[in-house]
Structure formats: structure tokens, C-alpha cells
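Read-outs throughout are calculated quantities, based only on the coordinates presented, and are distinct from any laboratory measurement. A quick note: this is a predicted structure, and the numbers were derived from the prediction, not measured. Note: ideal-geometry Cβ built from the backbone for every residue, glycine included; neighbour counts use all protein chains shown.
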Amino acid sequence: MKQYVISVKVENRFGVLARVAGLFSARGYNIDSLTVSATEHDNISVMTIVVRGDDRVIEQVKKQLNKLIDVIKVTDHSDLPTVQREIILIRVNAPANKRSELYQLGEIFRAEIADISPKSITLGMKGEPEKIDNFIELLRPYGIKELMRTGRMSLLKE
Amino acid sequence: MKINGAQIIIESLKKENVEYMFGYPGGVVIPIFHQLFNAPFKFILSRHEQGAVHAADGYARASGKIGVVLATSGPGATNLVTGIATAYMDSVPLVVFTGQVSTNMIGNDAFQEVDVTGITRPITKHNYLVQDIKDLARIIKEAFHIAGTGRPGPVVIDVPVDISNAEYKFHYPEKVDIRGYKPKYEGHPVQIDKACKLIEASKRPVIYAGGGVVISNASKELREFVKITGIPITTTLLGLGVYPETDALSLEMLGMHGTYYANHAVNESDVLIAIGARFDDRVTGNIKTFIPNAKVIHIDIDPASVSKNVLVDVPIVGDCKHILSVINKMIKAPSIGPWVKEVMEMKKNHPLTYEKSSSGRVKPQYVIEELYRQTKGDAIICTEVGQNQMWAAQFYKYTHPRTFISSGGLGTMGYGFPAAIGAQLACPDKRVIDIAGDGSIQMNIQEMIVAVQHRLPIIVAIINNGFLGMVRQWQQLFYEKRYSHTCINFAPDFVKLAEAYGAVGIRVSNNDEVGPAIKKALSVHNKPIVIDFEVIREENVYPMVPAGKSIKETIMRELA
């Protein structure tokens, strides 16, 4: 199934997130990631929704999103030129003899060392989602103790 | 001058020219009822909140106006849920006020608290929880606007009791401006042009008209469109009456229990013109075998209805009335003589019919025919759900919009009778008949006292077969005749029940008594009349396209 990136501008009001999420959950669709944030306008929020699904159903969901009174604009970013960013925090096992390797790896990816303990190291990194995927793969052999990603933000190119 | 929230509600409803409000009191709405005591519009007290919301829905469908409901928090609100969902599925405009516990108690599991906006989110066009008295008037204005425009639907306003008591100056906005809600009424000219060309070049076109034509009051434009083009027309259940079924070009209803000729004409069409209809599964049957050779033109105000179930070749998003009037100005009649002849042959050779009673026992279809004959097709027919509904759709001939009122999308048993109360209030000069089943009528029978109280001469024609007939029919045809829990002949005496409420009760057990009983009922003008028609028990509704099957698998009549 294809992965879709849908950007939704909404009124900044309580209940809007539930309305939007409800349209996906009612169809049994699991959202891969969802970010909600402020925009340049005080009273408008933007949601970036990453979801996998059958294209006809996604088409239907987009139309249903448009029907929500609190939704101002729906844009499908899936096949458009965009800039996308995501942030990851990842904690890996870091015994003394592996630490310099991990520092080097972090440097290549421009990650920052967010925290360090006798047994582990926590790295923070921002980048395009694919870069984050690669970073995770390279860290996997060290033993990932904990990982979280913000979900992606997506902005159309001008 | 400052007034309280309850007064703001009343003043706002006055601004909206509300004529009737339907509802039921309870703790947190006492401040609102306090003001309703001398409100200038009428309040209809139901005996169950579900009755109130269905009555408001029936009122809205019969009048074309917005139905208004008021119920208390908690159980009052949850009792409305079925009615709100019914209205949502059939695009009926309602503004529903529910009481809520005080804002400082919300989320505390307070007495009679439920999350109303949460519960009603997927069954409303929009809903509001009022958090600030300053917003109340604006929210009511928006709710009426949203409910009644675009594709209509129910809007819920949840009003905490402290908001009803809080004071603020009343200012009802003149205009509504919601940036996320701008319904589109005018169809795209390029699409309209394409549609006209496609129709003009067609050889086997059929019009498929639905409830959207009723809602947009486009019956006149539709009739003109048929007159200009000469194209045969079928309607959905909710579209009944938009085109006179007495006219030669009418193929009556299509779908699961539609006529042979409607289903076959649609399936053999080369251009299907869908107007205010949404290709429901009860219409299409097996979607894979539906209209194999047709190009589809779809006129609908809701973009989400277009290409949802069936891929559309020429979508025109907008209001049917507006679009049809534009099309009527430019369209030329296609040359479809042989096709119309073919369809007329089908109509002649496969009429909608049933075996007449030979035993003297009452045939349900005959009851409907006789109701049609004696009311001269001029009544408003409300129905419950099941066999009664389908026979009412098949054997009464509808010639005007807003004369057939039924829960189509949700299929809500217990809808018809309270809806008839609303319809009768909306149209006091019309005869309103609820065609009921012995199962459905028991779901909201408590509303009988409301009809008696307001002296509404509604005829309740109970097609009493002692079964939950439609489910029994499926059990007979598809589940080895195992009538599991569908036999309900352990029933109340409906005549005595009517009399206990102060209504008239008539029992009919012989086919010869059908006519006189209806005649007697029609002579009563100041109270409801219940006729208990004891009909042949295992009569089935035919034709029937079994669920999910193609029309080739239609069952035309009882298999010996």
C-alpha cells in the first residue's frame, strides 16, 4: 500500500484533532505519524498526517476531511515537491569500547549527544525521514534501548 | 441589556422563525424550560427523547424547514442518538440542543453527564460544546446555517447549565462566515456542457433521481428535464415523488425491491444520469456487475458522494435545482425512440404485481393499494422499516415530493410514527398515514399520547403479520427457514391499546373489510386512528435482488 502525506490546515480549536483522527479510525486505518503544530496564523493549526492505504479510500478520506467544518484546507503532499523534516531521539547501548564509534557516526549524521550515562548514549537528530531511517539502521547493531520520532512535518516547495 | 443563556436561546430561535420545538425536560435544561414557558413558538412534549428527534425529522422532511430539538444531558442526550444518526444518513436538517452539566463539572463523571460532542461526532454534520456565554448566539446562528445549507444534516449544540444561567447582551449575527465551510451551488459550466453532449449522443439513457432532488426542491426542474429529453426515470426510496409515478416515463423505484423495469433499464443503459443520489448498496447490489456499459453523470452537492462507490465519468458538484435549470436551457432531446419503446415493453411485460387474495385473508399489498385509492394519492405516507416500508414504497404511487417520509439510510424501526407526528404538525391540512409493522410500531408506541393530545388524525396502518417480517423473509430465503426469534405474535391487542390512549382502534381480519375500515378512518379528523390489519403471515416482498447480488439473480416471485 502506498504511503500518503496529507497536510491539513484547521481551526485551532478543541475537538478538531478528534474529528480528523476519527475519519481515519472509522475506516480501520492506522495513522503512521501525525504532527499538530502552530502556523504563521494564531488561529490556524496544521496537521501533517502520514498514512498507508488504498488510494480510493484515501481519496474518500481527503474528501471527508474537506467536509469537516473546522478544516480549512487539505493538501496531498504525497507526489508534490516538498521539504520534510523529522526529529528523532534514540538511546543505544554504549559500552566504553564502542563510544568513539558512536560519536563518529553521530558526527556524520550531525546528531547531537543529548544525554550520556555509564551504559548508554542518547542521540538527537533532525533530518529528512529517509535520513532518520538510515541513522536507525546504522545504530541497530549497537542495541537500541529506546527510540521515538516526532513524525514528519511537510512544507510544499515554492 | 443583559439576558441569560436560556433567554438567548429563545431569542435566537425567534430570529430563526422557529415554529415548533420538540423535546423533553430534565435537570440541566430547567433554565431553558423556564423560558420556554412563555415562548412564542410551540413546544411539543414527546414521551421519549427518540420520539422528539424523529418528530423533528418528520417535520423537517415534510416542510423543508429545520427541525429543532431539546433534551437534557446524559440519558436525554443518548436517547437522541438513533434519531440524530437517522437524520444524518438521510441529510435531514436538525438543530439539536442538549443540556450539559456545569462547565466546572465536565469530565468528572457528574450526575447525568456524557460526552455528547464525542458521542455525536460521527453522526452529525457538526457539533458544538458551548464554553463561553459570549459565543452562544453566534454558535446558534452557525448551527442553523450549517444544518440547512449544502448537504443538510443535524447539528448538535451542547449547552452546560451554567451557560444557560450566565448573562450576556444578546446580539444575533446577521451573517455567517466560516472559512472552512463554503458550499458550492453552481455546477462547473465545462462539466455541464460535457454532460449535455453525453446525454444528447446517448442511445439508452436513464435518469436515477434520489433524495437530493427533494432536498433541493428541484422536482419542477427535474420534470422539465424529463419533458425536454424524454428519458425514462427511476427514483430511489428517498426520491419517491420527485417525478409522478403515474407518468409513463416513470419506472418507479429501483434497487433491492425496485421494479423489474427500473433495475433492468438502469443496467442496460449507456448513460446513467444520477441526480442527488449516492449509489447506495441497496441500489447497486453487486457493484462489480452494476451498469456494465454505462457512462455515469453524477450531479450532487456533496463532493464526497461522487466516485465513492461507482466511478463517475462526468461529475457535476453543486445544487440539483440550479444545475438542472441550466441544463434545461441548453439541452436537446436525444433520439432514443427504440430504447423508450423497449423500456415500455419491459414495463408492460413485467409489472409490479402480487397474487390477489383468494382465501379472504388480507393481502398487505392490497391494504397499500386501497390506501392509495381512497386518499387519491394525496396523503403523506410515513413508514416504519421492513416489509411495511417496501410495500408502501411499491404500491402507493407518489406524485409529489415530501409525501414519502421514511428512514432510508439508517433503516430505523420506530421512526415512522413519531415522524408522522412531525409531518402532521408541518402539514395540518394533509392526511398523514404511518404504514407500520407490528414490530416497528411497538418501538415508539408511547408517542401515541402526543398525537391524541394534539388531536392529530394520523392513521396508523399496522401491517400485522405476527413476524418481524423482513428478517423472517431473509430467514426463509437464505437461512433454511429457521425463524429464529422473529415470531412476535405474542402481541398486545392493538385496538385496545389505541383505545387506552384515547385513539380510535379498528381491527381488520378479512380482505373485504379493508376498504370500509380505511373509509371509516378517513372520516375521523380529531384523533389518531389505529387500524390493525391482520395480514397473511408469510407474504414476501418481491421482486428482490438478494444483498450483494446482481440483478440477474433477482427473485421475482414465490418459488413453489
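Under 13 Å Cα to Cα from B:K141, which aspartates and glutamates show up? Leave out anything in the same chain fewer than 8 places away.
Within the straight-line limit of under 13 Å, B:K141 reaches these aspartates and glutamates: B:E11, B:E16, B:E174, B:D177.
Could you size up the charge dipole of the range B:198-339 around its Cα centre, putting +1 on the beta carbon of Lys and Arg and -1 on that of Asp and Glu, and report it in debye to the nearest 20?
200
Within the range B:1-95, report the chymotrypsin sites (Phe, Trp or Tyr not before Pro) that DSSP leaves as loop and that have at most 14 other Cβ atoms within 10 Å.
B:F37
Given B:K125/B:K184; A:K98/A:K119; B:K15/B:K527; A:K2/B:K288, which pairs have Cα atoms separated by over 22 Å?
Correct reply: B:K15/B:K527; A:K2/B:K288.
Which value, in nm² and rounded to one decimal, describes the direction-averaged projected area of the C-alpha convex hull of the range B:417-560?
Over every viewing direction, the Cα hull of the range B:417-560 projects on average to 10.3 nm².
For a paramagnetic label modelled at 7 Å from the Cα of A:I108 toward its Cβ, which residues of the range A:130-158 fall within the zone defined by backbone nitrogen distances under 18 Å?
Residues A:130-144 fall inside that zone.
Dipole magnitude of the range B:30-159 about its Cα centre, charges +1 at Lys/Arg Cβ and -1 at Asp/Glu Cβ only, in debye to the nearest 20?
Dipole size: approximately 500 debye.
Give me the percent of DSSP beta bridges within the protein assembly as shown that run antiparallel, rounded to the nearest 5.
Bridges in the protein assembly as shown that DSSP calls antiparallel: roughly 45 percent.
In nm, to one decimal, how far is the modelled label at B:M344 from the one at B:H525, with both set 7 Å along Cα→Cβ?
With each label placed 7 Å out from Cα toward Cβ, I get 4.3 nm.
Quick one: putting +1 on the C-beta of Lys and Arg, -1 on the C-beta of Asp and Glu, what dipole do you get for the protein assembly as shown around its Cα centre, in Debye to the nearest 20?
860
What whole-number value in cubic angstrom gives the convex hull volume per residue for the C-alpha atoms of the range A:2-76?
Per residue, the Cα convex hull of the range A:2-76 comes to 76 Å³.
Which distance in nm do the two modelled labels at B:Y479 and B:K329 give, with both placed 7 Å along the Cα-to-Cβ direction?
Distance between the two pseudo-spin positions: 5.5 nm.
If I take R0 = 25 Å and measure r between the Cβ atoms of B:D193 and A:N66 in this structure, what FRET efficiency does the formula 1/(1 + (r/R0)^6) give, to the nearest 0.05?
0.50
Mind scanning B:K519/B:K549; B:K295/B:K321; A:K62/B:K321 and naming the pairs with a C-alpha gap bigger than 30 Å?
Checking Cα-Cα distances, B:K519/B:K549 exceed 30 Å.
Just grab the label-to-label distance for B:K184 and B:R537, each label 7 Å out from Cα along the Cβ direction, in nm (one decimal).
Computed distance between label sites B:K184 and B:R537 equals 5.6 nm.
Pairs to check: A:K126/A:K157; B:K14/B:K220; B:K65/B:K376; B:K227/B:K341. Give those whose C-alpha atoms are more than 21 Å from each other in this structure.
Distance filter (> 21 Å) returns B:K14/B:K220; B:K65/B:K376.
For the range A:2-76, with the dipole built from +1 on Lys and Arg beta-carbon atoms and -1 on Asp and Glu ones, taken about the Cα centre, which of A:L23, A:V74, A:I44 lies farthest toward the positive end?
It is A:L23.
Net charge around B:G180, counting only other residues with Cβ within less than 9 Å of its Cβ (Lys, Arg = +1; Asp, Glu = -1)?
+2
How far, in nm, would the chain grow between B:K42 and B:D247 when pulled straight, counting 0.36 nm per residue and subtracting the alpha carbon separation?
69.8 nm
Can you give the log10 of the normalised intensity I(q)/I(0) at q = 0.06, 0.09, 0.10 Å⁻¹, computed with Debye over equal Cα scatterers of the protein assembly as shown?
Treating every Cα as an identical point scatterer, log10 I(q)/I(0) equals -0.43, -0.88, -1.04.
Contact order normalised by length for chain A, with contacts defined as Cα pairs under 8 Å and 6 or more residues apart; what percent is it?
Computed over chain A, the figure is 28 percent.
Grab the beta carbon distance between B:D109 and B:S359, set R0 = 51 Å, and tell me the FRET efficiency rounded to 0.05.
0.30
Can you check what the net charge comes to around B:Y501, using other residues whose Cβ is under 13 Å from the Cβ of B:Y501 (Lys, Arg +1; Asp, Glu -1)?
Charge balance near B:Y501 sits at +1.
Taking the Cβ of B:Q365 as the centre, find all other residues whose Cβ is under 11 Å away and add up their charges (Lys, Arg: +1; Asp, Glu: -1).
Taking every other residue near B:Q365 into account, the sum is -2.
Give the residue from B:P25, B:I3, B:A52 lying farthest towards the positive end of the charge dipole for the range B:1-67; charges sit on Cβ (+1 for Lys and Arg, -1 for Asp and Glu) and the dipole is referred to the Cα centre.
Of the candidates, B:I3 comes out farthest on the positive side.
Run through the DSSP bridge list for the range B:2-169 and note the antiparallel percent, rounded to the nearest 5.
Bridges in the range B:2-169 that DSSP calls antiparallel: roughly 10 percent.
Expressed as a rounded percentage, what relative contact order does the range A:83-156 have, with Cα pairs under 8 Å and six or more residues apart?
52
For the protein assembly as shown, with the dipole built from +1 on Lys and Arg beta-carbon atoms and -1 on Asp and Glu ones, taken about the Cα centre, which of B:I301, A:M1, B:G409 lies farthest toward the positive end?
Value computed over the given set: B:I301.
Please quote Rg/Rh for chain B to two decimal places, taking the Kirkwood radius as Rh and restricting both calculations to Cα atoms.
0.98
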